[in-house]
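The values are calculated or read from the model by the stated rules, or taken from the named source; none is laboratory data. As the structure is a prediction and not an experimental result, all values here were calculated from the model. Reconstructed Cβ throughout: ideal geometry from the backbone, glycine too, with neighbour counts over all protein chains shown.
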Amino acid sequence: MSLKPVDAATVKKWIDAGDAVLVDVRERNEHAAEHIAEAKLVPLSELDKHDIKNLGKKHVIFHCKGGMRTTANAVRLATACDAELFELTGGIEGWKKAGLPIKSA
């Protein structure tokens, strides 16, 4: 199973319209150092502790730093959530490359 890739500009448009939730699967220290303001933190190491079955949005987009962790855990993420699932192309690095804002420590 794979997640559908989606570019940062589209994700931003969906978030601004209230149609999506962005889920950061990086660890807490990574998120604390820098993150996308709209992202909900659900570290992969804590996935089983979070109820993300229904996040109440049309689209659920997962992201990590560059995409490798998200891709490697696609099956696990897909079974944890009931929604149309996507992967932010390039992760937070792709978001920054698109010129979109992040919050830094």
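A few comments on the model shown:
- Scanning region 59-99 for residues that are over 16 Å from Lys40 (Cβ atoms), β-branched (Val, Ile, Thr) and touching a Gly at 6+ places or on another chain (Cβ under 9 Å) yields a total of 1.
- Test: residue in region 84-99 that is farther than 18 Å from Val21 by Cβ and either in a strand (DSSP E or B) or among the polar types (S, T, N, Q) (or both): no
- Beta carbons closer than 9 Å, at least 6 apart along the sequence or on distinct chains, pair a first residue in region 80-105 that is more than 13 Å from Asp24 (Cα to Cα) with a second that is part of a helix (DSSP H, G or I) and of a type in the set (Lys, Arg) for Ala98/Lys12; Leu100/Lys12.
- The residue that is modelled with the highest pLDDT, counting only those in region 44-73 that are surrounded by fewer than 16 Cβ atoms within 10 Å (Cβ to Cβ) and part of a loop (DSSP other than H, G, I, E, B), is Gly66.
- Test result for Val21, within 10 Å of the chain's Cα centre (by Cα), modelled with pLDDT under 95 and either surrounded by 14 or more Cβ atoms within 10 Å (Cβ to Cβ) or not basic (Lys, Arg) (or both): yes
- Odd one out for Arg76 among (1) in contact (Cβ under 8 Å) with a residue 24 or more places away in the chain; (2) touching a strand residue (DSSP E or B) at 6+ places or on another chain (Cβ under 9 Å); (3) part of a helix (DSSP H, G or I); (4) surrounded by fewer than 16 Cβ atoms within 10 Å (Cβ to Cβ): (2)
- Subset tally (residues that are of a type in the set (Asp, Glu), modelled with pLDDT of 90 or more and farther than 13 Å from Ile36 by Cα) for region 74-105: 1
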